[in-house]
Amino acid sequence: MKYKEIQVVKIGSQALFRDEIKLDFNRIDDLCLSLKFLRDEKKIMTVLITSGAVSLGKQLADLNHVSDPILRDQIYASIGQPELMRLYSLNLGENVCQLLPTHSILNNGSHHSKIKKIVDGLIEADIFPIINYNDPVDDNEMMQVSTYTDNDKVAEEISLILGARRLIILTTVDGVIDCDGALVTKIDGKYETAKGIFKELEIFCDGKNERGTGGMISKVKTAEKLYREGIETIIGNASYQINHLLEGRNEKGETVPRTIFKPNN
């Protein structure tokens, strides 16, 4: 294989925006630098799952005349998506590829081989695959946006289809907090041993934030699903470089907070 590892990185809308309304251009630039560093220096290739099209569309157009809120957000997504891809391409300084799946496609096993072949072909060509849920064409997804996991679920499905080494979920907090308010730094070992911990975390992490659609509960459930399949998950703050989240420390040797779910492979 051309690369030592293939990983999936998912970044949510909250992590991409400042004050919940302004796109954080520095965050995108830092993210792109990290992706290139890992690819070129560490031989770790990343498939990026990104949110943000709807929120970006709201910055670019005023659609208050559209009375249907689902249709309005679908139009916002269709406006914001090409601009989001342009920003990634500009900050990476190279071509990128856009994939816009729906869950009906991802959940259909007959499509998995084709998706993997497409992504593998892009990786072989050193092109970063960038994936976002296809909101404009899926009414069902937009109607469930307050309860469905959206791109957390996409990241889970893509990780499984590709047989990725790990999934890194970038958010606005340092990781998963337990019922005592302490950061859960690591869960490892066999699933039979860890499943009780997952259950406790899922019960505790039942809130959702205002901009995101999945909240921490969806991230824990995704981590559990991948854990059972032997795929590592890291949940950490998007303010840290991805390579530092991977290693758990920065270039000064200082600990970088994160939650890592590390199954026995």
Q: Within region 38-60, work out how many residues are in a helix (DSSP H, G or I) and either of a type outside the set (K, R) or more than 25 Å from E124 (Cβ to Cβ) (or both).
A: 11
Q) Among the numbered criteria (1) buried (at least 22 other Cβ atoms within 10 Å of the Cβ); (2) more than 20 Å from L245 (Cα to Cα), which single criterion is violated by G12? A) (2)
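For (1) modelled with pLDDT of 95 or more; (2) in contact with a helix residue (DSSP H, G or I) (Cβ under 8 Å, 6 or more places away or on another chain); (3) aromatic (F, W, Y), each residue gets a yes or a no:
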| position | (1), (2), (3) |
| --- | --- |
| L56 | no, yes, no |
| D73 | no, yes, no |
| H111 | no, yes, no |
| K116 | yes, yes, no |
| V119 | yes, yes, no |
| I123 | yes, no, no |
| I131 | yes, yes, no |
| D139 | no, yes, no |
| Q144 | no, no, no |
Q: Give the residue, chosen from K10, K2, K22, that is among the charged types (D, E, K, R) and over 24 Å from A125 (Cβ atoms).
A: K22
Q: Mind telling me which of the residues L63, L35 ends up being modelled with pLDDT of 90 or more and either assigned to a helix (DSSP H, G or I) or closer than 26 Å to A125 by Cα (or both)?
A: L35
Q: Within region 245-265, count every residue that is of a type outside the set (V, I, T), within 16 Å of I235 (Cα to Cα), touching a Gly at 6+ places or on another chain (Cβ under 9 Å) and not in a strand (DSSP E or B).
A: 3
(Q) Can you find, within region 169-194, the residue that is surrounded by the most Cβ atoms within 10 Å (Cβ to Cβ) among those that are within 16 Å of E224 (Cβ to Cβ) and touching a Lys or Arg at 6+ places or on another chain (Cβ under 8 Å)? (A) I169
Q.
For a quick check of your reading of the model, give me the residue pairs whose first member lies in region 78-93 and is free of Cβ contacts under 8 Å to residues at least 40 places away in the same chain, whose second is surrounded by fewer than 16 Cβ atoms within 10 Å (Cβ to Cβ) and part of a helix (DSSP H, G or I), with beta-carbon atoms closer than 7 Å and at least 6 apart or on different chains.
A. I79/L60; G80/L60; E83/L60
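Given the criterion more than 18 Å from the chain's Cα centre (by Cα) and within 28 Å of R39 (Cβ to Cβ), identify the matching residue among K114, K58.
Details: K58 fails: within 28 Å of R39 (Cβ to Cβ).
K114 is the lone residue from the list that is more than 18 Å from the chain's Cα centre (by Cα) and within 28 Å of R39 (Cβ to Cβ).
The values are calculated or read from the model by the stated rules, or taken from the named source; none is laboratory data. Just so we're clear, the structure is a prediction, and the values are computed from it rather than from any experiment. Using ideal geometry, Cβ is built from the backbone for each residue, glycine included, and neighbour counts are taken over all protein chains shown.
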